[in-house]
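Following: one structure in structure tokens, then a few remarks.
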Amino acid sequence: MSTPAIAPVSIHGQVDVHKYGDTLRVPIIHFPSFHLLGPLISGNMLEALKNLTKDSSSAAANGDSSPKDARKANEAGPRKAGDPLCLPPGIDSEKFKEFIDRVLDIVGQTNVTVITGTENLDKESYLDPSKVHDMFHVLAEDYFVSSAVVAPRNVQDVQAIMRLCNEFEIPVWPFSIGRNVGYGGAAPRVPGSIGLDMGRNMDKILEVNVDGAYALVEPGVTFQGLHDYLVKNNLRDKLWIDVPDLGGGSVLGNTIERGVGYTPYGDHWMMHCGLEVVLPDGTLVRTGMGALPDPDADPNVPPDQQSGNKTWQLFNYGFGPYNDGIFTQSSLGVVVKMGIWLMANPGGYQSYLITFPRDEDLHQAVEIIRPLRIGMVLQNVPSIRHVLLDAAVMGDRKKYSNSDKPLTDTEIDEIAAKLNLGRWNFYGALYGPAPIREAMWQVVKASFSKIPGAKFYFPEDMPENKVLQIRDGTLQGIPSVDELAWVDWLPNGAHLFFSPIAKVSGDDAVAQYELTRRRSEELGFDFIGTFVVGMREMHHIVCIVFNRKDRQQRENAHKLIHTLIDDAAKLGWGEYRTHLALMDQIAGTYNFNDNAQMKLNETIKNALDPKGILAPGKNGIWPSSYDKKAWSLQPGDRNGEQGTRS
Ligand SMILES: Cc1cc2nc3c(=O)[nH]c(=O)nc-3n(C[C@H](O)[C@H](O)[C@H](O)COP(=O)(O)OP(=O)(O)OC[C@H]3O[C@@H](n4cnc5c(N)ncnc54)[C@H](O)[C@@H]3O)c2cc1C
């Protein structure tokens with residue numbers, strides 16, 4: 001073994017040390033790699049100080065990191081050539097460059113983009129989304145920003161990248177397509193993370209099984225892509241997919257965020273079956289029946305290429321504890337394959353619209369919906385949309401009003417009359433052969449006819465009603481991007497989603513509507529929203545549309561959602577999903593029994609990801625290698641509003 005060279009040391013001032021009851025003034029001696037205090041101190045104190053000064057890598061590797069050695073955001077400062085807009089926390093230019101060289105060796109030149117300038121932040125449209133930052137930002141545009149985006153070519157690349165990120169202790173944020181607009185898009189929670197673009201190369205439909213009615217997909221498969229595949233292969237007469245309002249997102253990405261669609265298979269997570277996941281340390285896991293090897297699998301190929309068990313996509317739970325849930329809205333694994341059940345073509349379909357004329361009809365409509373939905377007479381995930389949501393799909397605000405104040409009830413009534421809509425509009429569908437549909441329709445029609453003035457339409461009755469025509473496609477799993485139009489209600493339209501869960505009860509629906517409308521109007525916004533009816537609850541989706549180029553509006557939108565989260569928590573309402581900037585606040589509201597669930601989540605996080613490299617901060621869960629208090633974004637914080645650069 002060679003003797004290490006003795007590095008030069010220098011004295012860097014003095015410091016008062018308070019430890020174990022002693023106070024000592026000691027010189028700081030600078031060694032090349034760490035600071036150590038001079039030899040004036042006792043053995044006990046020396047030990048303690050070593051702990052204070054040891055670098056975060058060894059602390060995290062030993063699983064004993066604390067806020068003192070936690071990762072800090074890099075200060076905005078002079079940048080060196082080749083630096084990204086924002087370096088990963090605790091990483092300097094040289095280290096970053098070294099990392100990039102190593103990651104280039106894994107994925108090749110064409111799959112690495114370093115985000116060096118604001119020109120990388122110029123994308124503004126869902127149709128061509130940014131893979132780098134949040135296009136619909138409420139904090140500074142360059143706050144939630146990646147330092148580089150890396151696109152793995154296959155599962156082994158993902159594993160190698162996870163190992164490399166562990167080695168360098170660089171945070172990594174996976175996304176599939178990056179169309180998670182209203183919730184942060186492709187942007188990472190920690191500025192300067194590596195964006196892991198899972199969809200760019202890994203976009204194969206690995207299997208469509210007609211007998212079992214399922215597909216096995218990679219992250220880059222979009223709803224549109226899966227639908228097109230069925231059409232192209234003449235399979236749509238057998239199988240349908242379920243789609244959210246917009247078809248450009250990832251089937252896998254949307255499902256693991258627990259997104260929703262509108263056919264009978266609208267609860268996407270309920271309809272997933274079997275995952276393949278790369279854990280933060282690079283280990284590859286198959287969940288459910290996938291853990292049982294296929295006896296015919298080729299043992300000579302890497303595990304991710306081995307055929308799966310024949311029941312992997314047929315039975316969700318497998319044996320032992322059910323793991324899948326911990327990989328949703330999660331920072332515990334990168335999902336590389338997912339099974340999704342497809343709906344058998346029901347043999348007949350009819351969509352419909354029921355309009356309710358008065359604002360107060362919401363109460364009775366929801367009371368009617370509950371027994372019908374639980375009894376499955378309402379077969380799909382229907383929605384009751386406020387008229388302004390439909391109006392916004394059919395035109396921008398200027399088309400209806402020149403006022404810059406929130407629209408009044410009289411103005412909203414005028415808009416409803418003009419569009420031949422109600423104040424609330426219920427979009428549902430009937431599935432099955434004609435006799436089944438007719439029987440269902442009799443019940444549906446008789447039930448809603450109890451609301452005075454309710455009107456019933458099929459798409460052919462209203463060819464000019466753009467929304468009904470769009471819903472006709474969506475409710476039978478035909479993707480489109482037409483609903484995108486409501487984002488342009490205001491010039492430079494952007495939006496945040498406020499998405500609380502509501503009981504399917506008239507009282508709850510009205511209370512949520514009144515609160516969210518009142519708060520929206522207090523801050524100058526129109527209420528635009530919809531209740532999406534699940535099996536036993538409703539996702540109340542409030543679309544906070546703002547002008548992204550208007551700083552005051554951005555700040556008001558942010559303030560509105562902060563306020564609503566607090567208001568809602570006081571009334572026992574919680575959100576099902578949220579934007580990056582609100583994750584800490586919402587996580588803080590799920591605090592039953594002294595935050596027991598958060599403690600559980602943190603324990604699992606630290607066990608599976610001791611260095612805290614995978615999506616730190618996602619959904620408010622901070623690994624112990626981060627100082628949660630310093631990183632969390634709470635109402636009133638200025639954190640992030642100034643961006644990451646000077
Ligand atoms: C007009 C409009 C209507 C919308 N309607 C709906 C709707 O009806 N239903 C709905 O659900 N949403 C809706 N959205 C929101 C959004 O567009 C969709 O949810 C979209 O599918 C999410 O984007 P994505 O699929 O590209 O996900 P991504 O952006 O790829 O992923 C979202 C997040 O999931 C995680 N993730 C993704 N992939 C992986 C992976 N492989 N491993 C680990 N973690 C991963 C990451 O945290 C990522 O940030 C709507 C948006 C707009 C603008």
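The values are calculated or read from the model by the stated rules, or taken from the named source; none is laboratory data. These numbers come from a predicted model, not from an experiment. Cβ: placed from backbone, ideal geometry, glycine included. Neighbour counts: every protein chain shown.
Go through L239, L284 for me and flag whichever is closer than 29 Å to V150 by Cβ, more than 22 Å from the chain's Cα centre (by Cα), at pLDDT 95 or above and among the hydrophobic types (A, V, I, L, M, F, W, C).
The conditions single out L284.
Scanning for something in a loop (DSSP other than H, G, I, E, B), outside the structural domain of Y183 (by the TED database) and more than 30 Å from Y265 (Cβ to Cβ), does segment 525-545 turn up at least one residue?
yes
Only one residue in D324, D298 is at negative phi, surrounded by fewer than 23 Cβ atoms within 10 Å (Cβ to Cβ), charged (D, E, K, R) and under 18 Å from the mean Cα position of the chain (by Cα). Which one?
D324
What are the residues in segment 324-375 that are over 30 Å from L206 (Cα atoms) and of a type in the set (D, E, K, R), if any?
R358, D359, E360, D361, E367, R370, R373
Can you list the strands (runs of 3 or more DSSP E) found entirely within segment 167-250 that contain at least 1 residues being more than 11 Å from the ligand (Cβ to nearest atom) and without any contact (Cβ under 8 Å) to a residue 40 or more places away in the chain?
Of the strands (runs of 3 or more DSSP E) lying wholly inside segment 167-250, those with at least 1 residues that are more than 11 Å from the ligand (Cβ to nearest atom) and without any contact (Cβ under 8 Å) to a residue 40 or more places away in the chain span 205-209.
Given (1) over 20 Å from P219 (Cβ atoms); (2) assigned to a helix (DSSP H, G or I), where does L164 come up short, assuming only one miss?
Every condition holds for L164 apart from (1).
Give the residues of segment 259-304 that are closer than 30 Å to V533 by Cβ and of a type in the set (V, I, T), sorted by residue number.
Within segment 259-304, V260, T263, T287 qualify.
For L121, only one of the following conditions fails: (1) under 30 Å from N556 (Cα atoms); (2) surrounded by 24 or more Cβ atoms within 10 Å (Cβ to Cβ); (3) of a type in the set (A, V, I, L, M); (4) more than 11 Å from the ligand (Cβ to nearest atom). What is its number?
The failed condition is (2).
Would you confirm, using the coordinates I've provided, whether V149 is within 16 Å of the ligand (Cβ to nearest atom) and assigned to a helix (DSSP H, G or I)?
The answer is no for V149.
Would you mind finding the one in E460, E521, E514 that is without any contact (Cβ under 8 Å) to a residue 40 or more places away in the chain, more than 20 Å from A429 (Cβ to Cβ), in the same structural domain as H386 (by the TED database) and more than 15 Å from the ligand (Cβ to nearest atom)?
Result: E514 is the single residue among E460, E521, E514 that is without any contact (Cβ under 8 Å) to a residue 40 or more places away in the chain, more than 20 Å from A429 (Cβ to Cβ), in the same structural domain as H386 (by the TED database) and more than 15 Å from the ligand (Cβ to nearest atom).
Check V145, V217, V158 and return the single one that is touching a His at 6+ places or on another chain (Cβ under 6 Å) and at pLDDT 95 or above.
Only one candidate passes the filter, namely V145.
Does L284 meet the test of being among the aliphatic types (A, V, I, L, M) and touching a residue at least 60 places away in the same chain (Cβ under 8 Å)?
yes
Take segment 156-166 and flag every residue that is within 30 Å of T311 (Cβ to Cβ) and either away from the ligand (no atom under 12 Å from the Cβ) or surrounded by fewer than 21 Cβ atoms within 10 Å (Cβ to Cβ) (or both).
Q156, D157, Q159
The rows are residues; the columns are (1) closer than 14 Å to W269 by Cα; (2) part of a strand (DSSP E or B).
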| position | (1), (2) |
| --- | --- |
| D304 | no, no |
| S307 | no, no |
| W312 | no, no |
| F319 | no, no |
| I326 | yes, no |
| L332 | no, no |
| V336 | no, yes |
| I340 | yes, yes |
| P346 | no, no |
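When you scan segment 251-297, how many residues do you find that are farther than 17 Å from V381 by Cα, in a loop (DSSP other than H, G, I, E, B) and within 8 Å of the ligand (Cβ to nearest atom)?
Of the residues in segment 251-297, 1 are farther than 17 Å from V381 by Cα, in a loop (DSSP other than H, G, I, E, B) and within 8 Å of the ligand (Cβ to nearest atom).
Mind counting the residues in segment 578-625 that are within 16 Å of the ligand (Cβ to nearest atom), crowded, with 19+ Cβ neighbours inside 10 Å and on the phi < 0 side of the Ramachandran plot?
Count: 19.
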